Structures are given as C-alpha cells and as structure tokens.
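Below you'll find the structure, written out as structure tokens, and then a few comments.
The numbers here are math on the coordinates, done by the rules we state, and not lab data. Note that the coordinates shown come from a computational prediction; the quantities given were computed from them, not determined experimentally. Backbone-built Cβ (ideal geometry, glycine too); neighbour counts: all protein chains shown.
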Amino acid sequence: MKRYILFGIITLLSLSIQGQEIWKDYNSASIMPQHYFSAIPPGNYSGIANIGNDDYAVVSDKGDNEGYYIFHIDINDNGEITNVTNKEFINLNGNNLDQEAITFNPTTNRIYIGNEGPSNIIEYDVNLKRILHSVEITDYKKHCIPNRSIESITYDKTRDKLFTINESPLIGDSCLMLRLKQLNTDLTEEKEFPYFIEKPIKSGNTPQNRHAYGVSELLSLNDSTLLVLERELYLTSMKLGSWVQNRIFRIVPGKPNKHLICSWRTSLQLASFNFANYEGMCLGPKLSDGRQIIILCADSQNRYKGVLKDYFRTIILQ
C-alpha cells in the first residue's frame, strides 16, 4: 500500500514539475516588423497553416469559391519575412461560407477549415482531394451573435486533437466567457473548457459594426499549451484613428492561468497606415538557435480603398 502511495506522490510531483517547465519556456517574444507583398492576390486572409517545405495553406473569409491558397513564405536568418508568393489556389468546389480558420494534420495529410457562416468545420483529405466530414458546432450556431462564431482552429499533435473557440461570448453566456472546445480528429466533440477574455478597452455600447473583441486565433505549441490571440478592433466613424489591439496569451486548456507573451497595436493615422487586423497564426520554422517562429497574417478587407494592406509578420518566442 505504501508503495502505491509513494508512486502516486512521485507521479504528482513529476506532473507538477512538467507543468512548471511549460511556463518557464517562451516567457517573452520579439515582435518583428510587418510586411506586405503586392504580388499575392488582394484578400481577406483569415487563417494560415504550415503544410511543410515553407509552404502555407491560407484561407480568405470572402470570395466566390471554397478552398485555400498555397503561399510560399521566405524567412531570413533573423526570423523576418522577406517574401510571400502565391503558388496556387486549391478549389474545393463549393461556396465560400466565411472561411475563418484552417489547420493541418501532417500525419493524415488532412486540412480542417472552420466556416463562420454555418458554424461548421470541414475535414478535407489532400490525397483523395475530397471533403470527408462536415460537422456543425451546435451551440455556436444556436447562440452566437452574427459574424461572431467560429474564428479559430488548431491541430495539437501532442494530444492528436483539434481545438476551436467562438470569437465572442455566446448569447446568454458571461460577457467575457468563451467556449474552448477539444475535438477528436473525426470532429466529434470531446471536452469543453471556459476561457475568459480580457475586458475590452472600448465600452460595450460601441456599435457592433465598428467594434469587435474576442479571440481571433488559436495555435497549439505541441507541448500541451496553446497560444491565444485576443484581438480588439475599433473603427472610428471617419476611419482615421481606427486601431487594433492584439495580445497573445499562453494557456493550458482547462486551467485558469493566462500568461501574456506579447502585445502590440496598429492604427490608421495620417502619418501611418499600419492598421492590420491579424486573424491567422501558425507555427513557422525554428531559428538556428532553437527559437520558435510564429507567422501571422492580416485581413485587409481586399485591400480596402487601396489603404489597407495584406500584412504578414513574425513573432519569435524566446
């Protein structure tokens, strides 16, 4: 009996130490400059996934066709993006249902796309070139505020699970609580965790078409933790003075702790048009010293009025 108790204590201590080690890694980040590349098509880029060989699957939340682009992204030895080129568009032969998120399972060679319009996720087999499953997230569909449903999806290879989350609180939920869901790779729901976003900077009575806050992306670091990109966007009536505040937190699903990794703001000013609504986030390569690169892409609303740009940037975890 004592032997079993001792084994249990050792196991708990081991788990505790592992948890502490998770939080010691990547406790800060370097935010690299944002860049745009006019050679890629103007878009509403809302999700990005690393598919290998410096190629990335990228979805747009507007357009006639369901599918994704394959962009090739060059990154220099300092971790900064130097070029983005469009290799092709993979047409899935359906209508674009407000594609907001994309992730990739390299083991099965399958792509998952989150559609905000119908609050569903599709599973696409790259080898067979066909959609295998389409599953609706029922509570998101029933209780979401319009255009505030599925915004994020990520594949966690450590657990062999998917994670998704609603962008903003569902009707009837706490004004700061979101529903983080853990899914099996066949898209059946397995677990749900509460996730509490930061209180918005702007007051809650700001018109919805000029103010959005919540989670715009999730990313698994494949070490039992997720990065959560919280984004607050505010548009002034005259557009000048509009801004986006971004914060990236690191979490363990189901745990209340949130560790702030980095934050930054972009804005639209007379002297600076760096406004960028970042909606996509994925793992990039690692630098020679082992530091992890994170790649982000922004939604320019099809390069709105010739002012907004399809920005990309990297963040280096350290």
Inset, instruction - Determine, at each q value in 0.14, 0.26, 0.27 (inverse angstroms), the log₁₀ of I(q)/I(0) that the Debye formula gives when each Cα of region 252-318 is one equal point scatterer. - result: -0.58, -1.13, -1.16
Legend entry - C-alpha center-to-center spacing [region 63-97, region 194-227] in angstrom: 25
Legend entry - Nearest 10 degrees, 0 to 90: helix 2-24 Cα axis against the chain principal axis: 20
Inset, instruction - Taking the Cα centre of the chain as origin, sum charge times position over the Cβ atoms of Lys and Arg (+1) and Asp and Glu (-1), and report the length of that vector in debye to the nearest 20. - result: 820
Inset, instruction - For a footprinting-style exposure proxy, rank 107, 185 by other Cβ within 10 Å, fewest first. - result: 107, 185
Legend entry - Top of 219, 128, 187 by mean-square fluctuation, Gaussian network on the chain, Cα under 10 Å: 128
Legend entry - Potential extension, residue 132-residue 53 segment - 0.36 nm per residue separation minus Cα distance: 25.9 nm
Legend entry - HN-Hα J in Hz across region 112-117 - Karplus 6.51, -1.76, 1.60, θ = phi - 60°, x for Gly and Pro: 10, 10, x, 9, 6, x
Legend entry - Computed [θ] at 222 nm, deg cm²/dmol, the chain (DSSP H ≥ 4; -39,500 (n - 2.57); rounded to nearest 500): -3000 deg cm²/dmol
Inset, instruction - Mind listing the long-range amide H neighbours of residue 223? Cut-off is under 5 Å, sequence gap 5 or more, other chains count too, H placed in the peptide plane at 1.01 Å from N. - result: none
Inset, instruction - Take the Cβ-Cβ distance between residue 318 and residue 83 as r, set R0 to 22 Å, and report the resulting FRET efficiency rounded to the nearest 0.05. - result: 0.35
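What is the fewest-to-most order of 266, 108 by other Cβ atoms lying within 10 Å of their Cβ?
Details: 266 21, 108 15.
Ascending Cβ contact count within 10 Å gives the list 108, 266.
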Inset, instruction - Could you tell me, in Å, what Rg and Dmax come out for the Cα atoms of region 142-188? - result: 11.8, 33
Legend entry - Unit charges at the beta carbon, dipole of region 30-317: most positive-side option, 178, 68, 287: 178
Legend entry - GNM result for the chain, Cα springs below 10 Å: residue of 37, 275, 71 fluctuating most strongly: 37
Legend entry - Alpha-carbon Debye profile of region 164-241, log10 I(q)/I(0) at 0.11, 0.24, 0.27 Å⁻¹: -0.36, -1.19, -1.37
Inset, instruction - Going by C-beta contacts inside 10 Å, put 98, 25 in order with the fewest on the left. - result: 25, 98
Legend entry - 10 Å binning of all Cα-Cα separations within the chain, expressed as whole percents from 0 upward: 6, 27, 36, 23, 6, 2, 1, 0
Legend entry - Extension gain (nm, one decimal) between residue 305 and residue 188, 0.36 nm per residue minus Cα-Cα: 38.0 nm
Legend entry - Cα-projected label distance for residue 267 with residue 90, points at 7 Å along beta-carbon direction, nm: 4.0
Legend entry - Kirkwood Rh and Cα Rg combined as Rg over Rh, evaluated for region 186-285: 1.02
Inset, instruction - Kindly write out, for region 96-105 in residue order, the coupling ³J(HN,Hα) from the Karplus curve 6.51 cos²θ - 1.76 cosθ + 1.60 (θ = phi - 60°), rounded to whole Hz, with x marking Gly and Pro. - result: 6, 9, 6, 5, 10, 8, 8, 8, 9, 9
